[in-house]
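The values are calculated or read from the model by the stated rules, or taken from the named source; none is laboratory data. In this text the structure is predicted, and so the values were computed from the model without any measurement. For neighbour counting, all protein chains shown are included, and Cβ atoms are generated from backbone atoms with ideal geometry for every residue, glycine included.
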Amino acid sequence: MALTPFAVAQAAVLRAVKPLPAVRLPLEKAFGFVLRETIRADRPLPPFNRSAMDGYAVRYADLAKGLRRFRCAGTLEAGAAWRGTVRPGECLKIMTGAPVPPGLDAVEQVEKSKTDGACVELMTEAPERWQHIHRMGADCKKGARLIAAGEPLTPGRVAVAASVGAAKVAVTRAIRVAVIATGSELVGTAIKPAPYQIRDSNSRFLMARFLEIPWTTASFGGVIQDDPRALRRALAAALKNNDLLIVTGGVSMGERDHIPEILKECGVKNRLYKSAIRPGKPIWFGMKGATAVFGLPGNPVSVAATFREFVLPALRKMAGFGTVIPPALRLPLAAPAKKKHTLREFRVACYADGGAAVAPVPGYQGSGDFVSAARSDGLIVIPEEARELPAGTVVEFHPWNF
């Protein structure tokens, strides 16, 4: 079977999956979810001329004329409105965040003042109009687009949405994910393995990844041995109530690699089998209705790489992200990298030179070398046509912390 080039394979996955429906959530429950509407300013921000300092509000014209001694007309705190008048030659004691009354257009810090009874002397050296005043509309005008549809609600964006009264927001509902690990050689984390067994780490990796993604809810379907009947039961159950199913192991060409055939029996239509990449060449992808199914190779680095390069873009498409391919960096290599094949290679790497460069993690670098993967910060991409990349070559770097 011919290998599908990486770009073609990734595009096939992204064509198949569709954004999930939107729901309206209270803002306090929508953190991390992806917006499906545009958030606009319901009024200018700031909504009034706001004092940026504790100090004294005055007329700039008085300061420009050289006046430095003022009679204090009163005190204004944040959250209050000034009801009186401030005449020329007078000042108003004002707190940070308080609205600067009309006619006053400069604030001097309290640190640059001296009080003398009812009078205040300001030690202003070079007065400027609007000094220490956050002017009305300086951040944005009424109606301005503040957060675009397709952006996740980060803490900063939650604060912006709150500031314009977006008490409920339209977001993509949580993506329901199921994870199943397969392999007769696997045992659970707490079990002491026999000499011919290994502990399941792939499902722990994937479940931890989904804990980092607040717009998903993941369930673990267990470690299933290479028994067709047990696999069929587990896969059929996982396909019923989930938007995405990930199966690790059992997708290659061995006699015990039952996953492709069983998924076909369960009604999953294959859209991709094998891509020209290393690690992760035997990746399998299909759809059953609107449910996406990934069969990932069982080696830990293969799971990590195919999750980053295929599963995550699909998840972002389903979540309604404006940009579905996770951001990549372009950084120089701190050490040379070589390969002998014509596949696109994803090699675990770490930041070097204080983050200004990247270097492949020393070691075996095989698809089962999860120790090296755990020491890495992400993947460098060695293109298909490349054989030797000298130090200093600028490469794509795909960080784990998407």
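So here's what we get for this one:
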{"item": "Looking only at segment 319-334, and only at residues there that are part of a loop (DSSP other than H, G, I, E, B) and within 17 Å of residue 244 (Cβ to Cβ), the one that is farthest from the chain's Cα centre (by Cα)", "result": "320"}
{"item": "Check on residue 217, more than 18 Å from the chain's Cα centre (by Cα) and not charged (D, E, K, R)", "result": "no"}
{"item": "Answer residue from segment 251-278, given it is touching a residue at least 40 places away in the same chain (Cβ under 8 Å) and part of a strand (DSSP E or B) and is nearest to residue 228 (Cα to Cα) among those", "result": "273"}
{"item": "Test: residue in segment 6-15 that is outside any helix (DSSP H, G or I), within 35 Å of the chain's Cα centre (by Cα) and touching a residue at least 40 places away in the same chain (Cβ under 8 Å)", "result": "no"}
{"item": "Filtered residues of segment 167-201 (kept if assigned to a loop (DSSP other than H, G, I, E, B), closer than 30 Å to residue 39 by Cα and aliphatic (A, V, I, L, M))", "result": "167, 174"}
{"item": "Every residue from segment 213-238 that is farther than 17 Å from residue 203 by Cα and surrounded by fewer than 19 Cβ atoms within 10 Å (Cβ to Cβ)", "result": "214, 227, 228, 229, 230, 232, 233, 236, 237"}
{"item": "Qualifying positions in segment 179-211 - surrounded by fewer than 21 Cβ atoms within 10 Å (Cβ to Cβ) and touching a residue at least 40 places away in the same chain (Cβ under 8 Å)", "result": "183, 184, 201, 205"}
{"item": "Failed item in (1) among the charged types (D, E, K, R); (2) in contact with a strand residue (DSSP E or B) (Cβ under 9 Å, 6 or more places away or on another chain); (3) in a loop (DSSP other than H, G, I, E, B), with residue 43 passing the rest", "result": "(2)"}
{"item": "Filter result (within 30 Å of residue 165 (Cβ to Cβ) and either loosely packed, with under 14 Cβ neighbours inside 10 Å or of a type in the set (Gly, Ala, Ser) (or both)) within segment 93-144", "result": "97, 98, 102, 103, 137, 138, 141, 142, 143, 144"}
{"item": "Verdict on residue 41 being of a type outside the set (Asp, Glu), modelled with pLDDT of 95 or more and over 14 Å from residue 140 (Cα atoms)", "result": "no"}
{"item": "Residue list for segment 44-56, filter: touching a residue at least 60 places away in the same chain (Cβ under 8 Å) and either out of contact with any helix residue (DSSP H, G or I) (no Cβ under 9 Å at 6 or more places or on another chain) or farther than 13 Å from residue 139 by Cα (or both)", "result": "44, 46, 47, 48, 49, 50, 51, 52, 53, 55, 56"}
{"item": "Residues of segment 323-353 that turn out to be within 19 Å of residue 374 (Cα to Cα) and either touching a His at 6+ places or on another chain (Cβ under 8 Å) or exposed (fewer than 14 other Cβ atoms within 10 Å of the Cβ) (or both), as a count", "result": "1"}
{"item": "Residues that are under 22 Å from residue 21 (Cβ atoms), in contact with a strand residue (DSSP E or B) (Cβ under 6 Å, 6 or more places away or on another chain) and either modelled with pLDDT under 95 or assigned to a helix (DSSP H, G or I) (or both), drawn from segment 279-313", "result": "311"}
{"item": "Identity of the residue in segment 384-402, modelled with pLDDT of 95 or more, in contact with a strand residue (DSSP E or B) (Cβ under 6 Å, 6 or more places away or on another chain) and assigned to a loop (DSSP other than H, G, I, E, B), that ends up nearest to residue 345 (Cα to Cα)", "result": "384"}
{"item": "Among residues of segment 46-81, those that are farther than 17 Å from residue 122 by Cβ and aliphatic (A, V, I, L, M), counted", "result": "3"}
{"item": "Boolean, residue 361 is more than 18 Å from residue 177 (Cα to Cα) and within 23 Å of the chain's Cα centre (by Cα)", "result": "no"}
